Amino acid sequence: MAAEEMHWPVPMKAIGAQNLLTMPGGVAKAGYLHKKGGTQLQLLKWPLRFVIIHKRCVYYFKSSTSASPQGAFSLSGYNRVMRAAEETTSNNVFPFKIIHISKKHRTWFFSASSEEERKSWMALLRREIGHFHEKKDLPLDTSDSSSDTDSFYGAVERPVDISLSPYPTDNEDYEHDDEDDSYLEPDS
């Protein structure tokens, strides 16, 4: 019997946050993070988003009750999760980034509300990436009893060895404009 080839999941475009949270297969992690804007006009904005990781796809919604995601992307080809010290500001104290093996793909930036939360998201994302590439020995241990953050981040920030599919794929990622700025316009 031939071995079945595994394919990375493709994000679903028309699913509400609550529906996704109750889907079979379970949610790896869900919670609020700030996400760096993706368009030229939004680059300095970090709106709060409800983020769900489901079957190695990352979805982000305006809220936990949104009827459809603002955007979503597959973790296919992403091999590194790192602190994003260059993005640290007074409003974004705990930023991190998800980096693709190819420079042609977007690097995604998120910011957590605490160091523990950042570690937890980073470890889970790394495990999701590594799990697909048969790196099942990656720990999800986010305890920091020795307070040695360098040893924790050293393991989490190391690239995961991945191989991209030889078959071309369309870009399955999508993103809506992050903000509806109509509320900034004066009342008429």
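Any read-out appearing in this document is the output of simple, stated calculations on the displayed coordinates, not a laboratory observation. Owing to the predicted nature of the structure, the values given are computational and were not obtained by experimental measurement. Please note: Cβ atoms are built from the backbone with ideal geometry, for glycine as well, and neighbour counts cover all protein chains shown.
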Highest to lowest packing among 108-115, 89-96, 23-30, scored as the average C-beta count within 10 Å: 108-115, 89-96, 23-30
Gyration tensor (Cα) of region 54-106, equivalent ellipsoid semi-axes in angstrom: 21, 19, 9
